[in-house]
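Participant: Right, I'll just put the structure down here and ask away after.
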Amino acid sequence: MSHPKFLADHNLNDQIVVGVLRRVPLAEFRLVRELGFATRDDVFLLDYAAGQGLMIVSHDVNTMPAAAYVRLAEGKSITGLFMVPQTFSVGPIIDDLVLVWSGSEREEWKNQVIFLPMR
């Protein structure tokens, strides 16, 4: 069992990443931009994340969940997908991701698409 590891999609508000890492410095939060994948499509990112055991955190509520559901229908897995509408304040999103990291195991989120905030 292991802590969740996150992958920030290219459009994720950087304040979310910074806020999580300030509260949980041991958390792993990779950035698509830093990996050189900023122009890669959702299918590629889901495949990469699954291969690396990363849970994607994204604002792309229009296409990313659809790509995840297609992947699941094809019998492929996802490590987990956290969708964050851009209209929400970052504070509750940070709280939820810190709770996910500190209170659960990565395996608990397998094949799930979750919309944040969870409350």
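Participant: Would you kindly state the longest site-free stretch of the chain, with sites defined as GluC sites (Glu not before Pro) in a DSSP loop (not H, G, I, E, B) surrounded by at most 16 other Cβ atoms within 10 Å? Could the numbers behind the result be given before it?
Facilitator: Working: sites that count: E34, E74, E105.
For GluC sites (Glu not before Pro) (loop position, at most 16 other Cβ atoms within 10 Å), the longest site-free span of the chain is 35-73.
Participant: Quickly estimate the mean residue ellipticity at 222 nm for the chain, helices only: each DSSP H run with n ≥ 4 gives -39500 (n - 2.57), and the total goes over all residues, rounded to 500. Numbers along the way, then the final one.
Facilitator: Details: 4 runs with 45 residues, N = 119.
-11500 deg cm²/dmol, from helical runs alone.
Participant: Can you list residues whose amide H is under 5 Å from F82's amide H, if they're 5+ apart or on another chain and H is modeled 1.01 Å from N?
Facilitator: I56, V57, S58, I114
Participant: Can you sort H3, H59 so the residue with the fewest Cβ neighbours within 10 Å comes first? Let's see the in-between values first.
Facilitator: Values: H3 15, H59 19.
So the ranking, lowest neighbour count to highest, is H3, H59.
Participant: With charges set only on the Cβ (+1 for Lys and Arg, -1 for Asp and Glu), what does the dipole of region 5-115 come to about its Cα centre, in debye to the nearest 20? Present the calculation step by step, with values, prior to reporting the outcome.
Facilitator: Details: 10 positive and 14 negative charges, 31 e Å.
Value, rounded to 20: 140 debye.
Participant: Still on this model: When the Karplus curve 6.51 cos²θ - 1.76 cosθ + 1.60 is applied with θ = phi - 60°, which whole-Hz ³J(HN,Hα) does each residue of region 91-102 get, with x for Gly and Pro?
Facilitator: Ordered by residue, 3J(HN,Hα) equals x, x, 5, 4, 4, 5, 5, 5, 4, 4, 5, 7 Hz.
Read-outs: derived from the displayed coordinates by stated rules, not from any lab. Because the structure is predicted, anything quoted here is derived from the model rather than measured. For neighbour counting, all protein chains shown are included, and Cβ atoms are generated from backbone atoms with ideal geometry for every residue, glycine included.
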